[in-house]
1. Set the Förster distance to 45 Å, then compute FRET efficiency between V55 and K216 from the Cβ-Cβ distance, nearest 0.05.
2. For the stretch 149-217, what does the alpha-carbon gyration tensor say about shape, rounded, prolate or oblate, given a ≥ b ≥ c as the root eigenvalues, a/c under 1.5 as rounded, and a/b over b/c as prolate?
3. Given R₀ = 30 Å, what would the calculated FRET efficiency be for T159 paired with E74, taking r from the Cβ atoms and rounding to 0.05?
4. Can you pull the Rg over Rh of the stretch 34-125, Cα-only, Kirkwood?
5. What is the distance, in nm, between label points placed 7 Å from the Cα along the Cα-to-Cβ direction at R95 and at E37?
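Every read-out reported here was derived from the displayed coordinates using simple, explicitly stated rules and does not represent laboratory data. From a predicted model like this one, the values you see are computed outputs, not experimental measurements. Using ideal geometry, Cβ is built from the backbone for each residue, glycine included, and neighbour counts are taken over all protein chains shown.
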Amino acid sequence: MEPTGGTGLWLATGDSGVGWWTPETVVSHERGEIPDEALCARVAARDEGAFDQLVERYQARAYRLAWSLLRDPEDARDVSQEAFLRVYQSAGRFRGEARFSTWFYRILVNLALDHRRRRRWWERAVAPDRGEDEAALVERQPAPGPDPGERASEGQTMTRLWDAVRGLSPQQRAAVVLSVQEQLSTAEVAAVLEISEPTVRVHLHRAVQVLRKRLKP
């Protein structure tokens with residue numbers, strides 16, 4: 001199996017292939033900042049300033065992760081806001097056995113997957129024949145000043161990729177997004193999804209096989 005994780009996900013499907021799906025850069029906290037775990041302890045004591053700092057640090061990543069799992073801007077906002085509310089309500093239950101980021105991602109992913117299951121049930125019950133909006137919405141940050149043809153080609157590739165990712169099982173999709181986009185290690189993905197590391201590797205391996213098949217020219 002080709003490498004997955006910090007450097008991207010290799011999805012070549014032939015000599016032409018589609019190349020690497022590269023993750024967005026995760027910005028590190030500056031030195032001297034209060035650790036997330038210490039802020040969470042303050043939130044448990046109802047320090048609203050500490051809560052505001054955690055929201056500021058994680059709101060962009062929370063929305064990005066929720067959007068990647070749900071592919072709907074409104075749902076992503078609702079789920080990410082609910083995740084922060086859960087943090088505020090349950091901060092006292094954070095024991096520091098894992099990093100705060102792992103604990104937070106677990107809350108967010110569980111909420112997103114639950115929301116996705118409820119939404120699918122409602123869509124089947126109310127509008128079983130409704131097609132998905134193909135105008136979806138690949139949010140991306142193109143490199144500055146590329147050739148217009150190159151940008152269009154890249155956009156088409158990313159649209160195809162996200163369409164393929166959307167067809168993965170919930171667990172496979174979560175594993176891929178956490179590993180590639182959020183750059184979590186296999187151990188961290190396992191902690192977020194509350195599964196074993198070998199199971200994470202199986203999900204990633206199967207996801208790569210599915211994506212390669214669907215992206216084949």
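1. Result of the calculation: an efficiency of 0.60.
2. prolate
3. Approximately 0.90, to the nearest 0.05.
4. Rg/Rh for the stretch 34-125 comes to 1.02.
5. Placing both labels 7 Å along Cα→Cβ, they lie 1.4 nm apart.
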